[in-house]
Amino acid sequence: MATSWPRSSAPRVLAEAGSSTGWYPVARSAEVRTTPVPVGAAGRAYVVVRLRPGAEVTALSARCPHRLVPLATATVVDGRLECPHHGWQFNAEGRCVEIPSLGPDGTPPPRADLSAPWAVEERDGWVWLAPERTPVARPPRLGGRTPAPEPVPAPPAPDGPVFGNLDPALEHAWHPVASAGELVEGGYVQVRLLGRTWTVHRRDGVLDADPPAWGVVERLGLVWIAPAEPREEPLEVPAAGDGRATAVWLAPARSTAPAGLLADAFLDVSRTGRPLRQEVPAYEVTPEPGGFSSVLEQDGRRVTLRYRAPFQLLRVEELAGGAVRTVLRLLQPEDPDSTRVHTCLLLQGAGGAAGVPADVVAAEVASQEALLAEELARQATADGAGLPLQLRDELHVRADRLGVALRRALADLAADAAVADRAADLERRASA
Ligand code: FES
């Protein structure tokens, strides 16, 4: 019997009305190779891929459950789909079969698995998906017609709140906006912060901002703005006060990723400057006023990470021979899709000796620039609107303790700021 199409020339789906059962044409067979192709079926997002050249097509849900990044950027490695962010690997059924940070004996939790459609089939040069069990055993014959695949749907938003660059809590924090050296006496700079343009003046040695801010200060070689009374603690940087340290500011970088996602990446001990496929030993996170810190061993080096809300991060590495490398990262949330990254590298010779040789400094700067460029390129593939604050929206493993602490710190900041805003509002009404 001839198939009856919903539309005469552009069949999209053979499905039961009002349900997602049925067969959906999603891509031409010839276009599906060992690079994942994002597709949509019944409003759900999948990737289709061949896990070996010429193998049958595999279809899996389109987001990595770890950090919700699109698997369209994944690669095929040894017959598995590998997420580029932390190397989690998935087999043809969607089972997560390896999480490198857990080590060779680690067992991925069941929640790490990807979902798969009920069936995938190739027919008449097209890949068809049946997202759910369907009474029609096979996709229909095309009979020379060209189907119209449905558009790839937008990713589902996390269930809980997401901390983006315009979160109201950020009004209650200090933000770096410019190098202090840029702002000469009698001059001004225009900067973006929290979706607004600010003009910062230096007049008679005094800084002020237009529109008016609660505070404008100079600290750590940068100009900072607090739009409203800040709730957070400043980050102390001991090396910055040590006249023997060599300090170099990298050129500020800009990313389309929200600052919360970048802070998460900079705190990520499973990949910062190290091979993706290494185990991450257990470590502790110590709460501190306004943030937290952690001390861990990495590749035989002692590394201290310190964080202050919302986006102040310090990494101190003790190198061979007693030299110390400190990397300070300060993030400026400019707009929803724009974050400026200020990075200062501080180098101290063995035993705190002054005068790190110029060639060593140049090599360190080049290495930090390359690491930053690599991280920003990776973040460009993560399309989140902000950092999910509800822990069960993502999947956290042992290596993610710092990421969990970051989410809690930003959730606390948001709650504190909301209380402060409510109190200020009540006070305003009472005095009106
Ligand atoms: S492995 Fe996919 S985001 Fe971490």
Self-check item: Tally, over the stretch 139-154, of residues that are under 36 Å from the mean Cα position of the chain (by Cα) and either at pLDDT below 90 or exposed (fewer than 12 other Cβ atoms within 10 Å of the Cβ) (or both)
Solution: 2
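Here is a yes/no grid of residues against (1) among the charged types (D, E, K, R); (2) over 24 Å from GLY106 (Cβ atoms):
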| position | (1), (2) |
| --- | --- |
| GLY351 | no, yes |
| SER367 | no, yes |
| ALA382 | no, no |
| GLY386 | no, yes |
| ASP400 | yes, no |
Quiz prompt | Criterion violated by PHE163 - all others in (1) within 16 Å of the ligand (Cβ to nearest atom); (2) within 19 Å of the chain's Cα centre (by Cα); (3) open to solvent by less than 20 Å² (accessible area, probe 1.4 Å) satisfied | solution = (1)
Quiz item: So, in the stretch 86-99, of the ones that are open to solvent by less than 10 Å² (accessible area, probe 1.4 Å) and assigned to a loop (DSSP other than H, G, I, E, B), which residue ends up nearest to the ligand (Cβ to nearest atom)?
Solution: TRP88
Quiz prompt | Every residue from the stretch 90-114 that is among the polar types (S, T, N, Q) and touching a residue at least 12 places away in the same chain (Cβ under 8 Å) | solution = ASN91, SER101
Quiz prompt | Residue that is touching a strand residue (DSSP E or B) at 6+ places or on another chain (Cβ under 9 Å) and loosely packed, with under 13 Cβ neighbours inside 10 Å, where the choices are ASP242, ASP204, ASP264, ASP210 | solution = ASP210
Practice problem: Please determine, by comparing only the residues of the stretch 374-424 that are in contact with a Leu (Cβ under 8 Å, 6 or more places away or on another chain) and among the β-branched types (Val, Ile, Thr), which one is nearest to THR339 (Cα to Cα). | Solution: VAL404
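Conditions tested, residue by residue: (1) out of contact with any Cys (no Cβ under 9 Å at 6 or more places or on another chain); (2) open to solvent by 30 Å² or more (accessible area, probe 1.4 Å).
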position	(1), (2)
THR326	no, no
LEU331	yes, no
ARG340	yes, yes
LEU345	yes, no
ALA358	yes, yes
GLU375	yes, no
GLN379	yes, no
ASP393	yes, no
LEU402	yes, no
Quiz item: If you go through the stretch 73-81 one residue at a time, do you hit one that is touching a Lys or Arg at 6+ places or on another chain (Cβ under 9 Å), assigned to a strand (DSSP E or B) and at pLDDT 95 or above?
Solution: yes
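The values are calculated or read from the model by the stated rules, or taken from the named source; none is laboratory data. This is a predicted model, so every value here is computed, not measured. Because the Cβ atoms are built from the backbone with ideal geometry, glycine has one as well, and the counts that use them run over all protein chains shown. These accessible areas exclude ligands, DNA and RNA; they are computed on the full protein's heavy atoms, side chains included. Shrake-Rupley method; radii C 1.70, N 1.55, O 1.52, S 1.80 Å.
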